[in-house]
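Heads up: the structure comes next, in structure tokens.
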Amino acid sequence: MKTEVVIVGGGPAGAASALFLHREGIKPILVEREPFPRYHIGESLTGAAGKVLRELGLEDEMYRRRFPTKQGVKVFGQSERISWFVPVTGRDENWQLFPWDTWQVRRSEFDGMLLDRAVGGGSQLVRGQTTGVLRNSKGDVGGVQVRMEDGGLQEIHADLVLDCSGQATWLAGLGGVTGPKYLGSYDKQIAIFSQVRGAVRENGGTRETHPDNTLIFYQKKYHWAWFIPLDAETVSVGVVIPAAYFLEKRETKRDFLVRELSELHPELKRRIPVADLVEDVHVIPNYSYQVRGFSGRGFMCIGDAHRFLDPIFSFGVTVALREAQLAAPVIKAYLNGAKRDEANPFAEHQLASEVGVDILEDVLDCFWEQPFTFATFVHARYTEHMTDMFAGRIYERQPSPALHGFRAVLKRQRTYDGDDSYSIPIGSRYHPERAPLWQAGSEVESTEAWMGRH
Amino acid sequence: MDTQSAIADFITKELAIGRAKELHPDDDLLATGVLDSLGLMQLVLFIEEHLGVKVPDEDVVIENFRSVSALTAYLARLDGRQNESEGAAA
């Protein structure tokens with residue numbers, strides 16, 4: 001099989017990459033190992049993600065499918081009197097703010113919709129597991145090898161391999177293609193989650209009390225829960241804590257989740273008086289990492305495949321969609337011959353991707369390290385800039401005054417003037433003890449297998 | 001009203017409602033629950049609007065706001081820094 005672009009992974013990064021490449025006249029082959037529809041976490045979108053979907057012409061379909069329409073995020077803090085609301089916003093052509101909505105997405109349905117669109121738009125879908133890369137005559141990445149459902153091996157030769165494999169970080173795990181994969185600052189965290197029926201929903205008639213909003217319950221540093229409506233009856237719930245805390249409780253993941261839903265915050269208990277779980281309880285440990293050198297001749301990673309920080313601001317799908325969008329014209333130029341002889345033809349795009357996520361990292365780190373300062377910046381000093389940040393507008397008009405403020409508080413500088421300072425994983429720069437790398441061939445094969453050992 | 005009294009007055013009237021009847025300058029505002037994230041924000045706004053002092057971003061940290069005396073001392077240092085730089089500029 002031969003094609004211009006082969007995409008590894010049929011989730012939002014892969015499907016959106018295909019859709020944006022269709023607009024450039026390219027029809028990638030998509031390789032996906034799981035039959036769809038399939039369960040997946042990462043259910044809340046930002047304004048920027050909603051904008052990408054609208055730009056793809058999907059707004060009507062999103063409404064037609066009745067995905068809950070998120071108006072904002074309400075955060076319940078430690079003190080009883082405190083809750084914060086961050087609205088979903090857009091910026092018009094004059095850069096004026098306007099109230100907007102976006103969506104909460106049951107990923108089995110959302111990912112299925114996107115993948116169907118990609119196939120409908122002309123991309124061939126190959127069901128199988130990629131097992132390795134092919135090398136062209138120059139020794140560069142020149143395609144992938146796929147193990148098919150019947151056990152046979154299929155070679156797909158391509159000018160470009162797009163790794164959209166999500167938390168599996170496939171290319172990084174192969175070794176010999178990308179740079180090293182570093183543990184992220186939140187790698188000691190673990191997320192335990194499921195879905196419930198019968199939760200009490202907001203319904204006060206205002207944007208702030210809209211029943212489809214995300215609710216966040218913050219107990220203390222590194223200990224919080226999400227509440228994300230998926231339809232009129234079902235809510236996705238998750239608890240995020242240090243792994244050590246979970247392990248010392250010595251509970252099954254189900255018992256742990258049910259107990260935390262009752263104990264983590266009174267406002268959460270009020271909304272879920274009895275935990276009626278309608279989905280398995282899933283776990284994701286060690287979800288935070290950064291792959292360096294994630295692009296080069298013949299390959300590029302998009303979305304979770306190269307980096308993930310923390311779920312609390314719901315940026316995962318946003319970053320996947322925006323990176324896919326930004327990559328498409330760059331890929332088109334590459335296929336037309338641009339920068340073919342450079343060591344990394346995608347260096348500029350790679351840097352822009354890292355700079356964007358670095359912004360999220362600085363905001364996230366300040367949120368955990370100095371939450372009171374964070375609240376003052378968000379709700380008093382830099383409200384508009386923070387509205388942009390939460391909306392996911394991180395690739396334009398940055399660094400903003402808010403970002404300068406966070407970096408001043410963290411005493412952190414970001415210079416991108418050389419390889420040594422170029423987006424060094426904060427986890428390893430400020431905590432050298434974290435520098436050890438996750439190794440290719442690590443024992444942790446899957447989250448469920450990991451859970452089985454405990 | 002001097003700075004320390006103005007701050008103590010504001011905290012007693014606006015933040016410590018129903019809590020500390022008597023506010024001592026060295027009371028740990030965080031530990032006693034008088035200061036929460038909303039309270040810090042209100043205090044920063046009070047300092048900006050009523051004392052006319054802009055607290056630089058990197059100083060908006062809980063350590064400078066832990067007690068009335070800590071805050072008063074911080075503002076005195078800030079005043080000194082700002083006078084120094086104005087003096088240097090002049």
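Nothing in this text is a laboratory measurement; each read-out follows from the coordinates by a stated rule. The shown structure was predicted, so the numbers you read here are calculated from the model rather than taken from an experiment. All Cβ positions, glycine included, derive from the backbone under ideal geometry; neighbour counts span all protein chains shown.
Observations on the model:
- Cβ-Cβ FRET estimate between A:S108 and A:A338, R0 fixed at 51 Å, reported to 0.05: 0.85
- Degrees between helix A:107-120 axis and first principal axis of chain A (Cα, 0 to 90, nearest 10): 30
- Counting Cβ atoms of other protein chains within 10 Å of each Cβ in B:32-39 and taking the mean gives 5.
- Length added when fully stretched, B:S69-B:A31, from 0.36 nm per residue minus Cα-Cα: 12.2 nm
- Screening chain B for DSSP H helices whose Cα atoms reach 30 Å or more along their own axis and whose mean Kyte hydropathy is at least -0.5 gives B:68-89.
- Rounded to the nearest Hz, the phi-derived 3J(HN,Hα) couplings of segment A:152-159 under the Karplus curve 6.51 cos²θ - 1.76 cosθ + 1.60 (θ = phi - 60°) are x, 9, 10, 9, 10, 7, 8, 6, where x marks glycine and proline.
- Cα gyration tensor shape for the protein assembly as shown, rounded if a/c is under 1.5, else prolate or oblate: prolate
- Label-to-label distance, nm, for residues given as B:E49 and A:R412 (7 Å Cα→Cβ offset): 3.2
- In this label model, A:R54 and A:E263 are separated by 4.4 nm, measuring between points 7 Å along each Cα→Cβ vector.
- Relative contact order %, chain A, counting alpha carbon pairs below 8 Å whose residues are six or more apart: 20
- Across segment A:248-349, Cα pairs under 8 Å and at least six residues apart give a relative contact order of 22 percent.
- The length gained by stretching the chain between A:E93 and A:L277 to full extension, at 0.36 nm per residue less their Cα-Cα distance, is 61.8 nm.
- Shielding by other protein chains, A:77-84, mean Cβ within 10 Å: 3
- Relative contact order of segment A:20-177, defined on C-alpha pairs under 8 angstrom at six or more residues apart (%): 23
- Gyration tensor (alpha-carbon) shape descriptor, segment B:39-90, a/c threshold 1.5: prolate
- Gyration tensor verdict on segment A:115-237 (Cα atoms; rounded if a/c is under 1.5, prolate if a/b is larger than b/c, oblate otherwise): prolate
- Other protein chain C-beta atoms within 10 Å of residue C-beta, averaged over B:54-60: 6.
- Using a Förster distance of 22 Å, the FRET efficiency for A:K2-A:E34 (Cβ separation, nearest 0.05): 0.30
- Compared with the dominant principal axis of the Cα atoms in chain A, helix A:253-263 is inclined by about 40°.
- Counting only DSSP H runs of at least 4 residues, each contributing -39500 (n - 2.57), and dividing by the residue count of chain A, the helix-based mean residue ellipticity at 222 nm comes to -9500 deg cm²/dmol.
- Once the Cα gyration tensor of chain B is diagonalised, semi-axes √(5λ) in Å: 25, 12, 11
- Antiparallel %, DSSP beta bridges [both residues in the protein assembly as shown], to 5: 75
- Value of Rg to Rh for segment A:1-69 (Rh from inverse mean 1/r over Cα pairs, i.e. Kirkwood): 1.00
- Angle between chain A longest axis and helix A:401-410 axis [Cα atoms, degrees, rounded to 10]: 80
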